[in-house]
There are 2 protein chains.
Amino acid sequence: MSEIFEEIRALCAAAHAAAPAFAVTDTETRHRALRAMATALRENAADILAANKEDLARAKENGVPDTMLDRLSLNDERINGMASAMEELIALPDPLAERETLHGSPKIRITKVRVPLGVVAIVFEARPNVTADAAAIAVKTGNAVVLRGGKEAIHSNLAIVSALKGAISALGLSPDLISLVSSTDRAGVDALLSMRGLIDVLIPRGGKGLIRHCVENAKVPVIETGAGVCHVYVDRDANEDMALAVAINAKCQRPSVCNAAETLLLHRDIAPSFLPRFWAATRNWNLVLRGCPASRRILPAVEPMPEEEYATEYNDYVMSVRVVDSVEEALAHIAKYGTHHSEAIITQNDDTAARFFGMVDAAAVYRNASTRFTDGGEFGLGAEIGISTQKLHARGPMGPAALTTVKFLVRGDGAVR
Amino acid sequence: MSEIFEEIRALCAAAHAAAPAFAVTDTETRHRALRAMATALRENAADILAANKEDLARAKENGVPDTMLDRLSLNDERINGMASAMEELIALPDPLAERETLHGSPKIRITKVRVPLGVVAIVFEARPNVTADAAAIAVKTGNAVVLRGGKEAIHSNLAIVSALKGAISALGLSPDLISLVSSTDRAGVDALLSMRGLIDVLIPRGGKGLIRHCVENAKVPVIETGAGVCHVYVDRDANEDMALAVAINAKCQRPSVCNAAETLLLHRDIAPSFLPRFWAATRNWNLVLRGCPASRRILPAVEPMPEEEYATEYNDYVMSVRVVDSVEEALAHIAKYGTHHSEAIITQNDDTAARFFGMVDAAAVYRNASTRFTDGGEFGLGAEIGISTQKLHARGPMGPAALTTVKFLVRGDGAVR
């Protein structure tokens, strides 16, 4: 086996060995660790910024585009933001404090408790703040964490993890609870995916290619997150001004994120009036529209597009358009091309809205609101580790409880069946 | 592709097509279906028994052992039991009625609802009552179900499913909501495991080989159930009489089930006194003991056993024995050979019990009680579809809610970020 594989196995084995003792710590111990981690980020800001400078220099050399450089770049304010986010986690309820008494056989006393998953692996791309966020949510929930970030941020990530390890070690907790994989290529991901028995869940955060690779090759449990081909369907009975505001927001307010819309579905009765207005309103962003023949007959500026590209997540100022005959056709399109993330209908018709709510199979379904609201903060759930687009275990924004499971503790006095 | 594959794909596609409309039915519609299904079982008892007779005749010809014939065999009382179990499901709360209002952004109104998974596939072995139970729990929770039973029960299963399809059709529901795969070999399982996009979850119920095969080959989400290498650890500070009663019950009351114990771990201070008593008390059942050199020095009747066989789930009157130096050694043994199902400690020492509760990584952990209590009924959770031994989604006895997921319904009046 390769050196990378051996390094990662050793690191996962150390995390797995450190996890059980950490799993039974009390709320206050874990909150003290979060406070120490936040302080360590602020105190080591100079080292972290120096490392980040190195990452930025390399990225520029390699021709990384400006939007990505911005995501990669740290400054005092951003480091302080990472630290504050850790402190905010303390205010959220501790899922490990949950206790439920079950009423089963009178011979036994049953308590259902919530416990950490154990070792959580997070595979992510460029932004170094994910390193701090993921480590913090793991510590909040009593889990060990193994992080594998992108190559652009490797120096920043190493500096952040070094500060966090120092902080928890100083409290007598094992530094193996927070680890960073030094390899940033696919071999590192593949090694993690094979660590059955050492990793309890692996969460990929990033592009569709990374997520599909993880789901298809994992020998460990994976939670799919973040692939977002989200649709806005403008119904025949839509308020057109409202539709315009929502569609623009869903696409243009921040196109790089997973809850941004990729496709505009237009009822044929509203398309001739709506599409030219939408086009005019999005000239600010030079939004590119690509679509079906019917949409091109209404607006020649719409570029032709092969059918299969409706599956594309642009993450950019580009949008697919399709004219549909009915809400049924819109639902069929969403069922075919959607990623079960966030889907919106704009309509004043209660029956049509109810049908859309019932029939769309997605984590979040919207009526007369932008898909951009699918977010732990906007939903009032606090910090999130990702947006799950699968149905099992967690769906939608994943808060701290998504990193826990349950356990039944049963007490008897010699009870037998 | 093979004929079996095409048949199964057609059947899954039909279930997938029928599921969305069923998912939005109200509680009363689904409960009416359960009542009709129970009635249909009773009314078609003669046909079901005739089919069962055919299965039994073949099984006898093929030399199937008596214990298995008993599991396979139906009579009026057992059919009535299957029908009554369906009626009892009606009394359980409807998980789909759950609704929670979230307090997030003031611009939107967020409701978290519970929805069916969609299409649930259950792969199981001989007992025909699982056919009725699994179909009923799926109908209770608004799911379509695809069943694949063992070859020994194929005629019984076909007769049961035919009765159930008739019952739901008569109510105007799609008969595609309940299907049985006619193939009973591994190719049928493999076809089901590949139906990504058509099956939302596959639950194998059966031996370790079947479960491992499903987990390792699945392209659809799988919930691991029922593999049970359960341990009873008799601590130094145990009440010996209590330990005797619990260990006998855990092993001998019904050894064929997953929550029966397979291994007895004995603290070295108690083993010399306990082991001969346990041996004497289990002569009724001719229990075979196999174990480590230390246990054989205490009781020569213990047969020698290679270390790796501590991983064996006997499901029979056979038990592994190991003498350990400490609770730590018992915990290490359980971590190595356990299947995360049910683990028991017998001790009067509160500190040792607390350590065991904290450190054992299993769905259910017992103090001074038999592992045999891990069961939906005994836990007061009602009917179960299996015992999950994994950490994600569901753990321990899986009641109706395990066949559901959540969905966030968001309403705005043109809300944008």
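Taken together, the values in this text are just the output of simple stated rules run on the coordinates, not laboratory data. Bear in mind the structure is a predicted one, so any value in this text is a computation, not a measurement. No Cβ is skipped: glycine too gets one built from the backbone with ideal geometry, and neighbour counts run over all protein chains shown.
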Assuming a strict under-27 Å limit between Cα atoms, what lysine pair count do you get for chain B once near-sequence pairs (fewer than 8 apart, same chain) are dropped? 26
All-pairs alpha carbon distance profile, segment A:3-225, 10 Å steps from 0, percent: 8, 32, 34, 18, 5, 2, 0, 0
Per residue of B:350-363, count partner chain C-beta atoms within 10 Å of its C-beta, then hand back the mean as an integer. 3
Estimate the FRET efficiency between A:Arg297 and B:Arg254 by the formula 1/(1 + (r/R0)^6), using the beta-carbon distance for r and 60 Å for R0, to the nearest 0.05. 0.25
Across peptide A:398-407, what mean number of C-beta atoms from other chains lies inside 10 Å of a residue's C-beta? 3
Between B:Arg277 and A:Asn80, take the C-beta separation as r, use R0 = 56 Å, and let me know the FRET efficiency to the nearest 0.05. 0.25
Kindly put A:Cys230, A:Cys214 in sequence by how many other C-beta atoms sit within 10 Å of each C-beta, fewest to most. A:Cys214, A:Cys230
Counting only residues 5 or more places away or on other chains, whose amide H sits under 5 Å from the amide H of B:Cys230 once H atoms are built in the peptide plane? B:Glu262, B:Thr263
Per-residue ellipticity at 222 nm for chain B, helices alone: DSSP H runs ≥ 4 residues times -39500 (n - 2.57), over residue total, nearest 500 deg cm²/dmol? -13500 deg cm²/dmol
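Using DSSP, restrict attention to beta bridges with both residues in the protein assembly as shown and report what percent are antiparallel, rounded to the nearest 5.
Here the share of antiparallel DSSP bridges comes out near 25 percent.
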Provide the per-residue ³J(HN,Hα) series for segment B:32-40, in order, calculated from phi with Karplus coefficients 6.51, -1.76, 1.60 and θ = phi - 60°, each as a whole number of Hz, with x at glycine and proline positions. 4, 4, 4, 5, 5, 5, 5, 4, 4
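Per-residue mean of other chain beta-carbon atoms within 10 angstrom of the beta-carbon, peptide B:372-382? Walk me through the intermediate numbers first.
Numbers: counts 3, 11, 2, 3, 1, 2, 9, 9, 6, 6, 0.
Counting Cβ atoms of other protein chains within 10 Å of each residue's Cβ and averaging gives 5.
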Assume the label is 7 Å from Cα along Cα to beta carbon: what separations in nm does A:Val406 have to the matching positions in the other copies? 1.4
In nm, one decimal, shortest first: how far is the label point of B:Asn75 (7 Å from Cα along Cα to beta carbon) from the matching points in the other copies? 8.3
In nm to one decimal, list the spacings between the B:Asn217 label point and its equivalents in the other copies, with label points set 7 Å along Cα to Cβ, shortest first. 2.3
Hey, rough spin-label estimate for B:Arg9 and A:Leu171, points 7 angstrom out along Cα→Cβ, what's it come to in nanometres? 5.4
Modelled label-to-label distance, B:Glu28 and B:Glu216, 7 Å Cα→beta-carbon offset: nm? 5.2
Applying 1/(1 + (r/R0)^6) with R0 = 45 Å to the Cβ-Cβ distance of A:Leu69 and A:Asp269, what FRET efficiency is obtained, to the nearest 0.05? 0.50
For chain A, take the longest principal axis of its alpha carbons; what is the angle in degrees between that and the long axis of helix A:350-359, to the nearest 10 within 0 to 90? 50
Going by how many other Cβ atoms sit within 10 Å of their own, how do A:Ser2, A:Ser156 line up, fewest first? A:Ser2, A:Ser156
If amide hydrogens are placed 1.01 Å from N in the peptide plane, which non-local residues have theirs closer than 5 Å to the one on A:Thr405? A:Val115, A:Leu117
With respect to the symmetry axis carrying chain B onto chain A, which residue of chain B exhibits the smallest Cβ distance to that axis, and what is the value in whole Å? B:His393, 2
Going by C-beta contacts inside 10 Å, put A:Ser388, B:Ser326 in order with the fewest on the left. B:Ser326, A:Ser388
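Given chain B, what percent of its DSSP beta bridges are antiparallel, to the nearest 5?
30
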Residues of segment B:149-166 with amide N under 18 Å of a point placed 7 Å along Cα→Cβ from B:Ser2: B:149-152, B:154
